[in-house]
1. For residue 224, indicate whether it is modelled with pLDDT of 95 or more, among the polar types (S, T, N, Q) and not in a loop (DSSP other than H, G, I, E, B).
2. Residues 351, 361: which one is more than 18 Å from the chain's Cα centre (by Cα), modelled with pLDDT under 75, surrounded by 13 or more Cβ atoms within 10 Å (Cβ to Cβ) and over 30 Å from residue 62 (Cα atoms)?
3. In the list 297, 252, 256, 279, which residue meets the criterion of being of a type outside the set (Phe, Trp, Tyr), surrounded by 13 or more Cβ atoms within 10 Å (Cβ to Cβ) and in contact with a Ser or Thr (Cβ under 6 Å, 6 or more places away or on another chain)?
4. Determine the pairs where a residue that is closer than 19 Å to residue 443 by Cβ, located within the stretch 402-427, has a partner that is outside any helix (DSSP H, G or I) and basic (Lys, Arg) with Cβ atoms under 6 Å apart, the partner being 6 or more residues away or on another chain.
5. Report the residue count in the stretch 10-32 for those that are part of a loop (DSSP other than H, G, I, E, B) and without any contact (Cβ under 8 Å) to a residue 60 or more places away in the chain.
6. Within the stretch 123-145, is even one residue modelled with pLDDT of 85 or more, over 17 Å from residue 194 (Cβ atoms) and of a type outside the set (Phe, Trp, Tyr)?
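The values are calculated or read from the model by the stated rules, or taken from the named source; none is laboratory data. For clarity, every value in this text was computed on a predicted model and none was experimentally measured. When we count neighbours, we look across all protein chains shown, and the Cβ atoms used for this are built from the backbone with ideal geometry, even at glycine. Heads up: the accessible areas ignore ligands, DNA and RNA and are worked out on the full protein's heavy atoms, side chains in. Shrake-Rupley method; radii C 1.70, N 1.55, O 1.52, S 1.80 Å.
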Amino acid sequence: MPEAELLKGLRVLEIAVTVRGAYCGLLLSQLGAEVTRVRLPLVADCPPEHADGLARSLHQRKSTVDDDPETLSAQMVRAFDLVITDCLHDDESGGLGQRLAERVIDVGGATTTVIDVVRPPTFRASVPSAPAVVSAASGMSWGIGRAGEAPLTLPYDLPDYLAATEAAGAAALTALLRQVGSNPGRRWSVSATEVVASYVGQISSVFLPYGRPWTRDGARATMSGGSYPGAMFPCRDGNISIMCRTNREWHALLDAMGHPEWSSRPGYDDARVVARQHADEVDRWVRAWTAEHTTDAMTALGKQFNFPVATVLTVQEAIALNRFSEGRLFGTAPGGVPAGPWMVHEPRPNARRIPTQRRLALEPRAGKPLHGLRVLDLSWVWSGPMCTAALADLGAEIIKIEHRGRPDPARLRGRALRDGRPIDGPELELSTYFNQMNRGKRSVSIDIARCRTRSRPGRALRRRRREHAAGRAYPPRLGLCRDECAEPGDRHAVDVDDGTDGAAS
């Protein structure tokens, strides 16, 4: 099914005065929903000369109705499957948006599903909230910036965009539940503060359980996040980010540096020891080395030696990347309005079909709307595991697959501490960061390449191993390319990209 038809038939009424509601409506419209917005002024962190362009980009594909509360009859409201609103509690339109939202909920009755995208209340009820308040209330501002200087806030309206994305997911879930005959509930609340706080909580799991102080440390994660390095470094023509999550990657970086004399000192071969005891000292040496290279040269070294490196880009530079332009993530409409940050692929016509009787058979239960959904998780580290952890929270059965010879690097962060002493148990089971990202999942280890089957995944992985041996590819991970192993039919594959461009990650 084309991506523009994924939510075809879903009718959405949008009552929004900020990016929270408007971007949620945009995502739904890009997925095929029929979105009708009430004409309200948009309040956003945007220079006045760009305000019209931002509004056009957020309201593309939507129909518009007038903002008179009295014209919204019960019959009209009930013609929609759900309502998106961001102004029930924090109205930046002078009260009009709030009156409209209250009117819609009143005339719609219990049959109207509402997705309420909220910010936190401010200390003074007469002052609207703002993304800066979300950054502060979530704890995010406490951890970003430089020690001794003022804390920072997330740029632009980023907390609103994050909350809008979560709200769009909740809206899509209501559509799915309606298809299987389940009542999705009348009110879904998505808090921008809680969304950002969840990210803060994820990051804190690599500090607090290990006895590491978490302080503002500029362009470097405190103690490099537990595994050295995790920081930005200067080059001759810009900056790069290097983030080694394992000793294997740290040793690859040392290979690229030519194994300098200092790297032979006791303890310097362990990225975790360096992060805890020698990060400031080693930063100076790494910084001097990267400063001798261009960003392109550093990216080439990352590919050659297989350590994770990426150039720090401006917004304009990011838009110009081939991966975005070829992926159609930025449209060509007037003003360069963005398309959806995803692509949906049809099965190849000549792909072999695997016979199966299994269909999507949800059995929603209280608090577990995705009960009955079974998901195969071939992801690792952060973005993919976070996605499947959310599915597990919603009741799905997640089966995580790993290779014993190269497990999820999140397992390798070491033992957490209890009362100052390392916790006893199997080494690979004691990383709090891994356990948080993989909560509620089943776990299986498998080596597809050694299976005695002539399956497509086995052949594909064996081919990739041969290419690596010939110097034509990175060493294969467990995850396989979609076109190599995905089969058409009743299965669906989701590829969560971490956004790096050509660098080992």
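1. Here the answer is no, as residue 224 does not meet what is asked.
2. Going through 351, 361 in turn, just one is more than 18 Å from the chain's Cα centre (by Cα), modelled with pLDDT under 75, surrounded by 13 or more Cβ atoms within 10 Å (Cβ to Cβ) and over 30 Å from residue 62 (Cα atoms): 351.
3. Result of the check over 297, 252, 256, 279: 279.
4. 409/245; 423/415
5. 1
6. Yes, some residue in the stretch 123-145 is modelled with pLDDT of 85 or more, over 17 Å from residue 194 (Cβ atoms) and of a type outside the set (Phe, Trp, Tyr).
Here's the yes/no breakdown for (1) touching a Leu at 6+ places or on another chain (Cβ under 8 Å); (2) surrounded by fewer than 22 Cβ atoms within 10 Å (Cβ to Cβ); (3) modelled with pLDDT of 90 or more:
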{"site": "1", "(1), (2), (3)": "no, yes, no"}
{"site": "19", "(1), (2), (3)": "yes, no, yes"}
{"site": "34", "(1), (2), (3)": "yes, yes, yes"}
{"site": "53", "(1), (2), (3)": "no, yes, no"}
{"site": "59", "(1), (2), (3)": "yes, yes, yes"}
{"site": "69", "(1), (2), (3)": "yes, yes, no"}
{"site": "74", "(1), (2), (3)": "no, yes, no"}
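Conditions (1) aliphatic (A, V, I, L, M); (2) over 21 Å from the mean Cα position of the chain (by Cα), marked per residue:
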position	(1), (2)
168	yes, no
172	yes, no
198	no, no
236	no, yes
